[in-house]
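**Q** First the structure, which I've put down as structure tokens, then a few questions once you've had a look.
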Amino acid sequence: MSDLTSLNLHRAIQGLRQGEFSCRELIQAYLERIQLLDLDLNAYLFTDPEGALKQAEAADQRLAEWRKFPQTELPPLLGIPLAVKDILCVKGMPCTCGSKILEGFVPPYHATAVERLLAAGAIILGKTNTDEFAMGSSTENSAYGVTRNPWNRERVPGGSSGGSAAAVAARLAPVALGTDTGGSVRQPASFCGVSGLKPTYGRVSRYGLVAYGSSLDVVGVFGREMQEIALIYELMAGVDPRDATTVDLPVPHIDLNQNIELSNLRIGVPKEYFLPGMQPQVEQAIREAIRHLQALGAQVEEISLPHTEYALPVYYLIAPAEASANLARYDGIRYGPRLSAATMWDIFYRTRGEKFGAEVKRRIMLGTYALSAGYYDAYYGKAQKVRTLIKQDFERAFQTVDVIAAPIAPTTAFPIGEHTDDPLAMYLEDVFTLPANLAGVPGLAFPVGFDQQGLPIGMQLMGSYFQEELLFRIAHAYQLTTDWHLRTP
Ligand code: GLN
């Protein structure tokens with residue numbers, strides 16, 4: 001059988017149903033590729049070959065029965081492999097969140113997003129690498145080693161969902177789940193030359209997503225083509241009684257085969273997203289992609305999101321503040337390893353002191369400080385007010401344009417080690433992704449070119465709340481007429 005890992009999701013679904021190959025062969029192809037390449041890439045922290053093959057056999061049986069009675073409905077993802085960022089709970093698989101403090105923790109339940117995809121027939125290949133508790137932009141903050149960028153092994157894959165992005169880029173999974181609190185789906189998608197969606201806040205349940213910044217966290221998905229991402233998105237989206245922030249709106253089926261008419265579309269290009277220090281090839285590729293959309297009929301105009309420059313300081317107060325509260329539960333008593341000490345307090349100090357990494361500790365300290373009595377109004381309170389201004393920037397913009405097109409990161413994938421001693425330089429990587437999280441709007445990343453060193457460049461489309469389908473349609477029109485998304489390392 002020729003390489004099954006090169007099939008897109010819909011071809012794989014079709015091939016399984018038509019009996020061109022078995023699910024066992026499909027899963028085996030991915031497992032073999034993981035074995036061949038992942039020693040070097042380190043995209044996966046955990047794989048479950050036996051479990052995956054067992055489920056493949058069950059799927060093959062189900063397919064065989066279905067071929068006898070093809071009028072019955074099959075689960076839409078039956079037999080389709082999936083990778084899951086190691087910050088989402090999968091029952092029975094370890095969940096480390098890239099941290100030593102959760103070493104050995106095996107959640108007794110599935111995250112809602114995972115549960116829904118499993119119910120749709122997906123087969124989980126394993127859990128992918130992440131910056132510790134999703135804090136980072138390079139996957140270098142993982143306690144289990146950096147993931148390497150499949151386009152250049154000396155470069156980072158981005159982060160924090162770097163393992164999922166690298167897995168999709170290297171075809172170690174056709175699609176993968178990630179999370180995006182401040183850019184962690186879009187930025188690694190850009191660095192690895194794949195597509196990725198950060199849905200509207202509240203569109204996908206956070207139940208079973210280990211909390212980082214609860215008012216920002218959202219489950220997203222990586223793939224290459226829009227149909228793949230749209231299908232996974234629509235299967236995981238929707239209200240969930242176990243997450244009170246999910247919104248009770250219907251999730252319509254997204255059919256991207258319908259005609260896409262861009263001529264009534266107004267695209268805004270925010271002038272604040274083009275900074276003098278950014279890599280010139282990144283700006284060129286973005287401008288070229290926007291021209292391409294214009295050539296397809298869209299109207300393009302420059303807009304202003306005037307509070308963009310405050311997104312970075314606002315995010316780096318709010319996210320650590322929420323993280324400091326969320327991470328208080330890792331005390332060596334309830335989850336993961338416990339280091340012995342004389343008193344309860346010493347158990348806390350020792351376990352947290354030795355098992356949390358440097359970046360997590362930095363954020364817990366920043367957040368605790370920002371929330372402390374006497375500083376709360378000056379830092380956290382002020383940040384919340386400016387967050388509202390950033391949100392209003394978007395609301396105002398969406399009165400005159402339908403979507404916003406912008407860069408994702410000021411540079412392409414940087415060398416491993418380049419920013420590890422300079423947290424501020426690392427935080428600066430996030431300038432263009434943070435605003436969408438602070439406002440809660442959806443953002444869709446897709447590849448639009450390469451720099452001179454052959455590293456991928458991504459662009460993001462941001463839309464108003466729950467406008468994911470519109471974003472998919474535009475990116476799909478772009479992908480139908482370009483081939484950046486089809487290039488592989
Ligand atoms: N890079 C950002 C941070 O370090 C965003 C991470 C994320 O989206 N999880 O917090």
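Read the figures in this text as sums done on the coordinates, not as results from a lab. Just so we're clear, the structure is a prediction, and the values are computed from it rather than from any experiment. Using ideal geometry, Cβ is built from the backbone for each residue, glycine included, and neighbour counts are taken over all protein chains shown.
**Q** Which value, in debye to the nearest 20, describes the size of the charge dipole of segment 61-110 about its Cα centre when Lys and Arg Cβ atoms bear +1, Asp and Glu Cβ atoms bear -1, and nothing else is charged?
**A** Value, rounded to 20: 100 debye.
**Q** Say the dipole of the chain comes from +1 at the beta carbon of Lys and Arg and -1 at that of Asp and Glu; which of Pro456, Pro94, Ile124 then lies farthest toward its positive end?
**A** Selected residue: Pro94.
**Q** Relative to the present Cα-Cα distance, how much length would full extension add between Asn264 and Gln392 at 0.36 nm per residue of separation?
**A** 43.7 nm
**Q** Can you give me the long-range amide H partners of Phe450? Hydrogens built in the peptide plane at 1.01 Å from N, cutoff under 5 Å, separation of 5 or more residues or another chain.
**A** HN-HN under 5 Å from Phe450: Ile457.
**Q** Compare the peptides 319-325, 140-146 by average per-residue count of other Cβ atoms within 10 angstrom and give them in order, highest first. Provide the component values of the computation, followed by the final result.
**A** Numbers: 319-325: 22.9, 140-146: 21.0.
Ranking the peptides 319-325, 140-146 by packing returns 319-325, 140-146.
**Q** Rounded, prolate or oblate: which fits segment 5-136 when a ≥ b ≥ c are the square roots of the eigenvalues of the alpha-carbon gyration tensor, with rounded for a/c under 1.5 and prolate only if a/b beats b/c?
**A** prolate
**Q** Here is a further query. Subtract the Cα-Cα distance of Lys54 and Glu32 from 0.36 nm times their separation in residues, and report this length gain in nm to one decimal.
**A** So the extension gain works out to 6.3 nm.
**Q** Under the classification rounded if a/c is under 1.5, otherwise prolate if a/b is larger than b/c and oblate if not, where does segment 175-263 fall, given a ≥ b ≥ c as square roots of the Cα gyration tensor eigenvalues?
**A** oblate
**Q** A follow-up question, please. Based on the mean of other beta carbon atoms within 10 Å per residue, what is the order of 214-225, 337-348, 9-20, 106-117, most packed first?
**A** Going by the mean number of other Cβ atoms within 10 Å, highest first, we get 214-225, 106-117, 9-20, 337-348.
**Q** Throw me the Rg/Rh for segment 323-392, computed over C-alpha atoms with Kirkwood Rh, two decimals.
**A** We get a ratio of 1.13 for segment 323-392.
**Q** Just want the answer: with Cβ charges of +1 for Lys and Arg and -1 for Asp and Glu, which residue in Ala342, Tyr212, Pro276 is farthest toward the dipole's positive end in the chain?
**A** Highest projection toward the positive end goes to Ala342.
**Q** So which of Lys85/Lys391; Lys198/Lys355; Lys91/Lys198; Lys361/Lys391; Lys271/Lys391 end up more than 22 Å apart by C-alpha? It would help to have the intermediate numbers written out before the result.
**A** On the way: Lys85/Lys391 28 Å; Lys198/Lys355 30 Å; Lys91/Lys198 24 Å; Lys361/Lys391 29 Å; Lys271/Lys391 17 Å.
Over 22 Å apart, Cα to Cα: Lys85/Lys391; Lys198/Lys355; Lys91/Lys198; Lys361/Lys391.
**Q** Rounded, prolate or oblate for segment 414-458? Axes are the square roots of the Cα gyration tensor eigenvalues, ordered a ≥ b ≥ c, and the cut-off for rounded is a/c under 1.5. It would help to have the intermediate numbers written out before the result.
**A** Numbers: a/c = 3.75, a/b = 1.12, b/c = 3.36.
Oblate, because a/c is 1.5 or more while a/b does not exceed b/c.
**Q** Provide Rg over Rh for segment 346-489; use the alpha carbon set for both Rg and the Kirkwood Rh (inverse mean inverse pair distance).
**A** Rg divided by Rh gives 1.06.
**Q** Considering only the chain, what is the antiparallel percent among its DSSP beta bridges, to the nearest 5? Each step should come with its number before you reach the end.
**A** On the way: 30 of 44 bridges.
Of those bridges, close to 70 percent are antiparallel.
**Q** Right, another one. Could the peptides 42-53, 444-455 be put in order, highest first, of the mean number of other beta-carbon atoms found within 10 Å of their residues?
**A** Numbers: 42-53: 19.5, 444-455: 21.8.
Listed from highest to lowest mean packing, they are 444-455, 42-53.
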